[in-house]
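Below you'll find the structure, written out as C-alpha cells, and then a few comments.
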Amino acid sequence: MNWKLFGPASVLAISLTAVVAHAETIGPQGEAATPSASVTVPDGKVAMLQGGGYKAALLWHDQSDFVNAVTAGASDEFARLGIEVVATTSAGFDAAKQRSDVETAMAKEPDIILSLPLDPVTSAAAFAEARDAGVKLVFLSNLPSDYQHPRDYAAIVTDDLFQMGKQAADALAAAMGNTGTVGWVFHDANYYVTNQRDNAFKATIENNYPDISIVAEQGISDPARAEEIANAMLLKNPDLGGIYVTWAGPAEGVLAALRAAGNTTTRIVTLDLSEPIALDMVRGGNVAAIVADEAYELGRAMAAVGARALVGEDSPPFVVAPAITVSAGTVAEGWMQSLHREAPASLLEAAN
C-alpha cells in the first residue's frame, strides 16, 4: 500500500489542462515547485542549531517502507544539526488518532513537527495548538484547510509529480518501440498528488508520442477492482500494447489479469516501488519500468525546512524531491536511491 493514495481528497484537483499548460509540478494552491536539493541549512546557522537544544516530532499517517525511508532522511538531518527527535508516531490513516498524536507530542515541547495531514478539515484543528504555540510545521504532500505560508507552516514537501508521470510515459513508450495502443488506469479521486502524476502521463503520451494512442481509460478508487478493469480493457482491446497503472497496488491486479490470460506482450508501467511488481520486471515479465520518488530525500528536505525556520530562514512554500525510473537492470540502485536501503533479497537474487 502506498502512503499517498488513501488519504482524503485534497482541496484542489489539478486538471489535465493545467498539467499541459505548466508541464511541471505545481502545489495544492498553485505554488511553483522548488527542487529539494536547493533547500539546505546555511553553514553559518548549523552551530546555532547544534547548541540550541531543539526538539522535533515525526507524526506520520501510517507505517511503511516509504515512511521508514522518510523518517531515516529526517532523522539523519536532525542528528547532523543536533536536533533531538522526541516522538515518532503512526496514525494508521485515522485522523482522530493523528489529532491525539499531536496532543501527546506537544507535551514533549517539540520545536518542529513533520507530518502528513490526513484530512484537510480535521488536520486544521489538530495542528492548531502546535501552530499557535510557535512550533514549526512541515507537511508531507497534504495541507490543512486555510493554512497560509509562511504564517501557519514552513513548507509542503512532496514528489516531483509531473516528472513521475512523464518518466512513466517515456518508459512505456520506449518499451513499446514508440508505437501502439495504451490503456490508462488513473486514480478516480480528487487528490492533487495522484491527479498530477496520472495526467502528466497522459499529457506526455498525447504531446510527445504521435504514434501511440490511448484507446482505453478507466478510473480506479478500489485497488481490488484492478484485475476486473484490466480484463475489461483487454476484452475490448486484445492487442493493447501497454497499460499505465496509477500506483503499484492496483498494478498487481493488472499483472494478475495478464498472467491469467497468458498475455506476455502487453507492457505495464506504474508508480512507487513494490517487490512483486519489481520481481516480474527483473524476471523479464510484463512490467517494463517503475517510477519512484526519493523518499529519503523527502525526509531530509523536511528536516532542513524545519531547521531553517528555527533560525529565521523562510523556505519556499512547495518543495519537490526528484523522481527516478527503475528498470530491470537498476533495481539495486533504485531501491537505495529511493528508500536508502538494499533491495529485497528476492530481487537481488533474481537480478543475478
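The values are calculated or read from the model by the stated rules, or taken from the named source; none is laboratory data. In this text, all values refer to a predicted model and were calculated from it rather than measured experimentally. We place every Cβ from the backbone using ideal geometry, glycine too, and count neighbours over all the protein chains shown. Just the protein is used for accessible areas: all its heavy atoms, side chains included, with ligands, DNA and RNA removed. Shrake-Rupley method; radii C 1.70, N 1.55, O 1.52, S 1.80 Å.
Report, in degrees rounded to the nearest 10, the 0 to 90 angle that the Cα long axis of helix 161-175 makes with the longest principal axis of the chain. Approximately 20 degrees, to the nearest ten. When each of the peptides 46-52, 120-126 is scored by the mean number of other C-beta atoms lying within 10 Å of its residues, the order from highest to lowest reads 120-126, 46-52.
Taking a point 7 Å from the Cα of Gln63 along the Cα-to-Cβ direction, the residues of region 74-90 with backbone N closer than 11 Å to it are 89-90.
Could you give the accessible area per residue of the chain, probe 1.4 Å, as a whole number in Å²? Write out the running numbers ahead of the final one.
Values: 13370 Å² over 352 residues.
With all protein chains present, the chain gives 38 Å² per residue.
Tally Lys and Arg at +1 and Asp and Glu at -1 over the other residues with C-beta under 13 Å from the C-beta of Val86: what net charge comes out? That sum, taken over residues with Cβ under 13 Å, equals -2.
P(r) for the chain, from all Cα pairs and a bin width of 10 Å, is 6, 26, 32, 22, 11, 3, 0 %, short bins first.
At 1.4 Å probe size, with the rest of the protein present, what percent of the exposed accessible area of the chain is carbon and sulfur atoms?
Numbers: 6540 of 13370 Å².
Carbon with sulfur: 49 percent of the solvent-accessible area.
Label sites at Arg283 and Arg259, each approximated as a point 7 angstrom past Cα along Cα to Cβ, lie 0.6 nm apart. The local environment of Ala224, defined by Cβ-Cβ distances under 14 Å, has a net charge of -4 under the rule Lys, Arg +1 and Asp, Glu -1. Counted over the chain, the DSSP beta bridges are approximately 10% antiparallel.
So which of Lys45/Lys97; Lys45/Lys136; Lys136/Lys166 end up more than 24 Å apart by C-alpha?
On the way: Lys45/Lys97 35 Å; Lys45/Lys136 17 Å; Lys136/Lys166 33 Å.
In this structure, Lys45/Lys97; Lys136/Lys166 lie more than 24 Å apart at Cα.
Per-residue 3J(HN,Hα) values for region 69-75, derived from phi via the Karplus relation 6.51 cos²θ - 1.76 cosθ + 1.60 with θ = phi - 60°, read 5, 4, 4, 4, x, 5, 5 Hz in sequence order (x marks Gly and Pro). Taking the DSSP bridge list for region 240-352 and keeping only pairs wholly inside it, about 35 percent are antiparallel.
Taking each DSSP H run with n ≥ 4 as -39500 (n - 2.57) and averaging over every residue of the chain yields -13000 deg cm²/dmol at 222 nm. Each residue of region 108-153 gets 68 Å³ once the volume of the Cα convex hull is shared out per residue. Take Arg99: with every protein chain present and a 1.4 Å probe, its accessible area is about 100 Å².
First check a/c for region 43-93, with a ≥ b ≥ c the square roots of the eigenvalues of its C-alpha gyration tensor; if it is under 1.5, answer rounded, and if not, answer prolate when a/b is larger than b/c or oblate otherwise.
Numbers: a/c = 4.06, a/b = 2.19, b/c = 1.86.
Note, shape of region 43-93 comes out prolate.
By its C-alpha gyration tensor, with a ≥ b ≥ c as the square roots of the eigenvalues, how is region 48-143 shaped: rounded for a/c under 1.5, else prolate for a/b larger than b/c, else oblate? Oblate, because a/c is 1.5 or more while a/b does not exceed b/c. Can you give me the angle between helix 295-310 and the longest principal axis of the chain, using Cα atoms only, in degrees from 0 to 90, rounded to the nearest 10? Relative to the chain, helix 295-310 is tipped by roughly 20 degrees. A rounded overall shape is assigned to region 199-295, the ratio a/c of its alpha-carbon gyration tensor axes (a ≥ b ≥ c) being less than 1.5. Nearest 10 degrees, 0 to 90: what angle lies between the long axis of helix 248-260 and the longest principal axis of the chain (Cα atoms)? So the helix axis and the longest Cα principal axis differ by about 20 degrees.
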